[in-house]
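K.L.:
Here you go, one structure.
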Ligand SMILES: O=P(O)(O)OC[C@H]1O[C@](O)(CO)[C@@H](O)[C@@H]1O
């Protein structure tokens, strides 16, 4: 029997044992299924596995080679086999390997940070007050999340993010900004992304003569210096990216330039240190004490043993409201695959659909479905123990709601009235940050990065390519002439739609 089949037989055995019963039968469960790593605490006691199912999960971890896979990642081996590359985002935040290539990458990352700090100093000495960061996907979501989560009132720079090719995004972003006090950063690993080039052009034109102030107010972060230079950005204002870092794993690199501008270089370094703490833990902790292993195994349990098709992420902190958006790319672009590394088809389901939003708002939108819908949705609840917002009563209410929801989802409540009955047994993991510091956020994001990687290892897929997004881009390019009326679409439905647009346009 395969490890996955073994998991399913445990799920069948446990079908009549809801989480509330597992907790009754095993009073030590609430504390035994909890782990702490630095600023993170995670409790898995409300997930549906018992001790022997957990044993089976750790057999899977052993057979899939979780520990050696972590080592291969950190040592810079070619874990992105379909593109023949390493995925050394860990080298951006600390020296966790003695492998020569990994050490060389650590040095390159440090040199880029030094240049970035110099640029920040230069901007700080200017009269620039606002920064427009132009990028999309991995060149946007991470910086946007972290800047939004950690920027403090009264920061030296206001940082704005522009991603969508919809011109309304540019119009809204630039409204109210003064070109004489604004600098722009174009972030694109390839410097070939349609959205970023179009929006970058809009911002450059909007800056007008101001673009040349202070020796140049348009910066780039890219692995393609030639294309960035052809766009008109001087090489001394181009920070590097490398093919050994995937876009969605790149916020720790110079892609984090807007983060460092928003929160300061010192706090950016703290963010990296938090991630490095998780890197060391993931690579060094024993399997049973390894938070990353347990998080990944829980995801595999819910997906492959229980067959649950979606996963919610519910941050109970307004500052983390963009975390679900960020995780959607990290998880679904990494794990949305149907072919194994060797090209063979997969016989297990891979990524569930990730979705979510911040509590308590979402309690008043989609939580009804979590409590009484016919689909069981496992959830990661994320809370912050200490808050410095100055509203202690609100914070207690926030935490009370967080704890109440996880409890109600797990335990349910019987009623003779089916409309008022709660089935319970809805799995969740509760992750608590001591406080929302750069260090803790770095650790949290690294936890998800490594959990995603280990899930890919269990499924035998590549977490670091994204060929699935290419076809749509190619088709869109072929349709540009059709939208100008200069060509016809090959596809009859698309042509009918083009005709409709032409009639109404
Ligand atoms: O940084 P680039 O090259 O502009 O790419 C942006 C994003 O586009 C994608 O290729 C597809 O969404 C992502 O993987 C990437 O993060």
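Each value in this text was obtained by applying a stated rule to the coordinates, not by laboratory testing. Worth saying up front: this structure is predicted, and the values here are computed from it rather than measured. Note: ideal-geometry Cβ built from the backbone for every residue, glycine included; neighbour counts use all protein chains shown.
K.L.:
What distance in nm separates the simple spin-label points at residue 435 and residue 483, each placed 7 Å from Cα in the Cβ direction?
P.N.:
Computed distance between label sites residue 435 and residue 483 equals 4.8 nm.
K.L.:
Quick check on the range 135-201: take the gyration tensor over C-alpha atoms, sort the square-rooted eigenvalues as a ≥ b ≥ c, and tell me if it's rounded (a/c under 1.5), prolate or oblate.
P.N.:
Oblate is the answer for the range 135-201, as a/c is 1.5 or above yet b/c matches or exceeds a/b.
K.L.:
What Kirkwood hydrodynamic radius, in Å, does the range 99-266 give when the mean of 1/r is taken over all pairs of distinct Cα atoms and then inverted?
P.N.:
On the way: mean 1/r = 0.0635 Å⁻¹.
Every distinct Cα pair counted, the radius reaches 15.7 Å.
K.L.:
Same structure again: Test of understanding: what is the full-extension gain from residue 166 to residue 230, defined as 0.36 nm times their sequence separation minus their Cα-Cα distance? Show your work: numbers first, answer last.
P.N.:
Numbers: separation 64, 0.36 × 64 = 23.04 nm, distance 2.40 nm.
So the extension gain works out to 20.6 nm.
K.L.:
Going by C-beta contacts inside 10 Å, put 434, 279 in order with the fewest on the left.
P.N.:
Values: 434 15, 279 27.
Taking fewest neighbouring Cβ atoms as first place, the list is 434, 279.
K.L.:
Any idea what log10 I(q)/I(0) is at q = 0.15, 0.19 Å⁻¹ for the range 248-311, Debye with uniform C-alpha scatterers and no solvent?
P.N.:
Log10 I(q)/I(0), no solvent term: -0.68, -0.82.
K.L.:
Then there is this: So how do 172, 217, 227 line up by other beta-carbon neighbours within 10 Å, fewest first?
P.N.:
172, 227, 217
K.L.:
Which residues among the range 425-458 fall inside the zone where the amide N is under 19 Å from a point 7 Å beyond the Cα of residue 371, along Cα→Cβ?
P.N.:
425-429, by backbone N distance to the label point.
K.L.:
Also, quick follow-up: Between residue 273 and residue 198, what length in nm is gained on full extension when 0.36 nm per residue of separation is reduced by their alpha carbon distance? It would help to have the intermediate numbers written out before the result.
P.N.:
Values: separation 75, 0.36 × 75 = 27.00 nm, distance 3.51 nm.
Going from the current span to full extension adds 23.5 nm.
K.L.:
In degrees, nearest 10, range 0 to 90: what is the angle between the Cα axis of helix 51-64 and the longest Cα principal axis of the chain?
P.N.:
Between the helix axis and the principal axis of the chain, the angle is about 40 degrees.
K.L.:
Over 10 Å intervals from 0, what percent of Cα-Cα pairs in the range 6-165 sits in each interval?
P.N.:
Spelled out per bin, shortest first, that is 8, 19, 25, 24, 17, 7, 1.
K.L.:
Using only the Cα atoms of the range 423-494, build the gyration tensor, take square roots of its eigenvalues as a ≥ b ≥ c, and label the shape rounded, prolate or oblate: rounded if a/c is under 1.5, else prolate if a/b is larger than b/c, else oblate. Numbers along the way, then the final one.
P.N.:
Numbers: a/c = 2.65, a/b = 2.46, b/c = 1.08.
It comes out prolate by the Cα gyration axes.
K.L.:
Angle, helix 141-150 long axis vs. longest principal axis of the chain, Cα atoms, 0 to 90°, nearest 10?
P.N.:
Long axis of 141-150 versus the principal axis of the chain: about 80 degrees.
K.L.:
Let me ask you something else. May I ask what percent, to the nearest 5, of DSSP beta bridges between residues of the chain are antiparallel?
P.N.:
25
K.L.:
What nm distance separates the two modelled labels at residue 13 and residue 491, each placed 7 Å from Cα along Cα→Cβ?
P.N.:
That separation, rounded to one decimal, is 4.8 nm.
K.L.:
Further question on the same structure: Taking all pairs of distinct Cα atoms, average 1/r, flip it, and tell me the Kirkwood hydrodynamic radius of the chain in Å to one decimal place.
P.N.:
About 24.3 Å, per the Kirkwood formula over Cα pairs.
K.L.:
Oh, and also: Given the Cα-Cα distance of residue 58 and residue 403 and 0.36 nm per residue of separation, how much length would full extension add, in nm?
P.N.:
Here the segment from residue 58 to residue 403 would lengthen by 121.4 nm.
K.L.:
Let me ask something else about it. Only residues of the range 1-17 count here: report those whose backbone N is under 20 Å from the spot 7 Å along Cα→Cβ of residue 344, or say none.
P.N.:
Residues passing the 20 Å test: 1-8.
K.L.:
Taking Cα pairs under 8 Å and at least six residues apart, what relative contact order does the range 369-505 come out at, in percent?
P.N.:
This gives 22 percent for the range 369-505.
K.L.:
Answer rounded, prolate or oblate for the range 325-460, using the Cα gyration tensor with square roots of eigenvalues a ≥ b ≥ c: rounded when a/c is under 1.5, else prolate when a/b is larger than b/c, else oblate.
P.N.:
Judged from the Cα gyration tensor, the range 325-460 comes out oblate (a/c at least 1.5, b/c at or above a/b).
K.L.:
Continuing with the same structure: Within 10 Å of each residue's Cβ, count the other Cβ atoms and sort 464, 231 from fewest upward.
P.N.:
Numbers: 464 26, 231 20.
Neighbour counts put them in this order, fewest first: 231, 464.
K.L.:
Please give the helix 3-13 orientation as an angle from the longest Cα principal axis of the chain, in degrees from 0 to 90, rounded to the nearest 10.
P.N.:
With both axes taken from Cα atoms, the answer is about 50 degrees.
K.L.:
Something else: So if I restrict to the alpha-carbon atoms in the range 289-343, what is the Rg, and what is Dmax, the biggest pairwise distance, in Å?
P.N.:
13.5, 42
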